[in-house]
Structures are given as structure tokens and as C-alpha cells.
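These notes are about the structure you will find just below.
The values are calculated or read from the model by the stated rules, or taken from the named source; none is laboratory data. Nothing here was measured: the structure is a model prediction, and the numbers come from that model. Reconstructed Cβ throughout: ideal geometry from the backbone, glycine too, with neighbour counts over all protein chains shown. Remember, those area values only see protein heavy atoms, side chains included, never the ligands or the DNA or RNA. Shrake-Rupley method; radii C 1.70, N 1.55, O 1.52, S 1.80 Å.
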Amino acid sequence: MSAADEIRIPLIPQKIYGVLGHPVAHSLSPALHNWAFAELGIPAAYLAFDKSPEELVEFLTAVRSLPLSGLSVTIPHKVAVMPALDGISGLARRVGAVNTLYWDGDRLLGENTDIAGFLEPLRDLGRTPGSALVLGAGGAARAVLAGLLDLGVPRVSLSNRTPEKAAVLAAEFGVELVPWEHRQDAAAELVVNTTPLGMAGERQELSPWADICMSPSQTAYDLVYNPQKTKFLADAEGMGCRTIDGLTMFVAQARAQFRLWTGRDFPALPARRLLRQLL
Ligand code: NAP
């Protein structure tokens, strides 16, 4: 048999991971984690598990008997999975949501890597911002607030379209409240968008920071990752501000999951290139 006839022996997956959500067809996680397994020569596979809230309890029971080594958890299950776990990290408890399941022996544990993912690009700045303003008061805002407080940002404030939701969250995390109409008056060094404004589709031309007026000393951080350069970031860049995009956070939170599961790191730059291609 010539070398050309030789059949490449496939890497047989020995471990199975996946993302649990509803719906999950749009998720970028299977492409990213499967690419990372191949890149590092790890014999594992990552699947998508689309389970409705009605199917959740049955699925989580099955997780304990199936050869599932870890799961990403996404909308709408990030809170609902918590009672079914054997332990939850302190940070995930503070956020009130879990986005990663992993095993410690026979204990199924929950972590929230959105916080680590959010913080990674800020840590790369090498300097803790003196103040930060968070726009939005949904699930992502909770991880962002926990992260900013964990990082030791001295002045954190929150602004949201629905003031009642902002008030509840601001009280829970002990941060300052800024009325939505006055968000642009709050001279924060770091402005973080956690609203879906700017997302591909109907909201793409929108920004949470209308009539842009930022100073070059400010940093704009957008959690929206599709498109990578949102209107908010493009406007801020035009004003000479530093910007951080949501794709950087998305890859960083996935790397934190991968590290928990495998003890290894996949390279961030090609991962971002892969996701840009997919988007
Ligand atoms: P969520 O729980 O639904 O919260 C959305 C927040 O945005 C709410 O506070 C809502 O305000 C506000 N909002 C929605 N539409 C608005 C509008 N037209 N004008 C002003 N405010 C508006 O969503 P989430 O889970 O926090 O996710 C938010 C965004 O973060 C999504 O785009 C998601 O893709 C992104 N995200 C990215 C990453 C990443 O890794 N890059 C991770 C997590 C989330 P009200 O309270 O007034 O409704």
C-alpha cells in the first residue's frame, strides 16, 4: 500500500462535552471547543443539547449517568440548573447564575466563567479603572458587576432603561444608580454595554450611547459580539477611546471553561479569527 493510500486513523473522542440551552442551534461554542480539541490533539467532542425548561430536570439526572465530562450552560438555564448541583463557586453564587458544569470526582459543580471572561481583557490593560458605568441590568450585567467589584474598581455605577430593575441590582451589589436619561453625564473611565443595542439585525444601527461624546481617556467595552465592531465601539474609536469587543470576552470565557475541563489553554488569537469567520 502506498503512502497515498494510507487511511488517516481518526482521533476517537474519549470525553464528551457540550452546551445546554434552548435554542442552541446558533451557538458558537461547538465550533470553538471542537476546534480547540483538534488544535491541542485532545480526543474529545463537544455537542449541542437543546433542552426546553420542561426537559431540564430529566436531562440533569441523565448527566450523572452519561459519560458527559462538562457542560456550558446558556439561556434559559443559567439559573435553573443551580439547585441540581452538588456545589457552586462563590462568584457564581454572587452572580446568581452558572454557565459551566464540571466534575470534581463524583461531585457535579457549577462555575460562572463570564466573570473571568469579562475581566481578562481588563487585566490585560494592566491598570484597574478608577470608575466604571454599567449599562443594562440583565443577566450579563450581574456578571459584569461582580467582576468589576472583584477587580477592585473603586467607583461602580449602573444605569438601565427600566429604573426599578436598576434599583434592585444596584442595591444588591452596593453600587451607585444613574438615571438612564443621565447616563452620559456620569464621567466613568470605563463604560460597559450589557444591553443588546447594536446587535446584528434590527438593533445593529443602535447604540446605548447616543450622540456620542466620550473623551479619549475613556474605554468603551461592548458585550455584544456580533458584529464585532458595534456602533458603540465604532463611535468610541472615532473619539479616540480605547475599545474592547464582546468577541474577546466570549473567547476568554470559553477559555476559562476549557481550562476547568482539560487543565489546558487554547490560543486566543486564532480562536477569535475562527469566530470572526463563522460570524
Ligand atoms: P437580558 O438579561 O435580556 O438583559 C438585557 C438588558 O438590556 C436589560 O437590562 C434591558 O433593559 C436592556 N435593554 C434591552 N433592550 C434595550 C433597549 N432597546 N434600550 C435600552 N436597554 C435595553 O440579556 P443579557 O443576558 O444580560 O445579555 C445582554 C447582552 O450581552 C446580549 O447581547 C448578549 O449576547 C451579550 N452577552 C455577551 C457575552 C460575551 O461573552 N460577549 C456574554 C453574555 C452576554 P430593561 O430592563 O429595561 O428591559
What pairs come out if I take residues in the stretch 130-154 that are within 18 Å of S217 (Cβ to Cβ) and pair them with residues that are assigned to a strand (DSSP E or B) and open to solvent by 40 Å² or more (accessible area, probe 1.4 Å) whose C-beta lies under 6 Å away, six or more apart or interchain? S131/R155
From E202, E172, residue being modelled with pLDDT under 95, open to solvent by 40 Å² or more (accessible area, probe 1.4 Å), more than 20 Å from the chain's Cα centre (by Cα) and closer than 24 Å to T74 by Cα: E202
Condition first: open to solvent by 30 Å² or more (accessible area, probe 1.4 Å) and more than 15 Å from L125 (Cα to Cα). Now tell me which residues in the stretch 228-249 satisfy that. Q228, K229, K231, A234, D235, E237, G238, M239, G240
Considering the stretch 94-104 alone, what residues qualify as being at pLDDT below 95 and open to solvent by 70 Å² or more (accessible area, probe 1.4 Å)? R94
If you scan the stretch 207-227, which residues turn out to be surrounded by fewer than 18 Cβ atoms within 10 Å (Cβ to Cβ) and within 21 Å of the chain's Cα centre (by Cα)? none
Only one of these is of a type outside the set (S, T, Y), at pLDDT below 95, within 30 Å of L148 (Cα to Cα) and open to solvent by less than 20 Å² (accessible area, probe 1.4 Å): V19, V24. Name it. V24
Residue check: is R273 within 21 Å of N112 (Cβ to Cβ), open to solvent by 60 Å² or more (accessible area, probe 1.4 Å) and either outside any loop (DSSP other than H, G, I, E, B) or among the basic types (K, R) (or both)? no
Just need a number here: residues in the stretch 178-199 that are more than 23 Å from the chain's Cα centre (by Cα) and near the ligand (Cβ under 8 Å from one of its atoms). 1
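Quick one: which of L122, L158 is under 25 Å from A92 (Cβ atoms), within 14 Å of the ligand (Cβ to nearest atom) and either at pLDDT below 95 or in a helix (DSSP H, G or I) (or both)? Spell out how you get there, then give the answer.
Numbers: L158 fails: either at pLDDT below 95 or in a helix (DSSP H, G or I) (or both).
Result of the check over L122, L158: L122.
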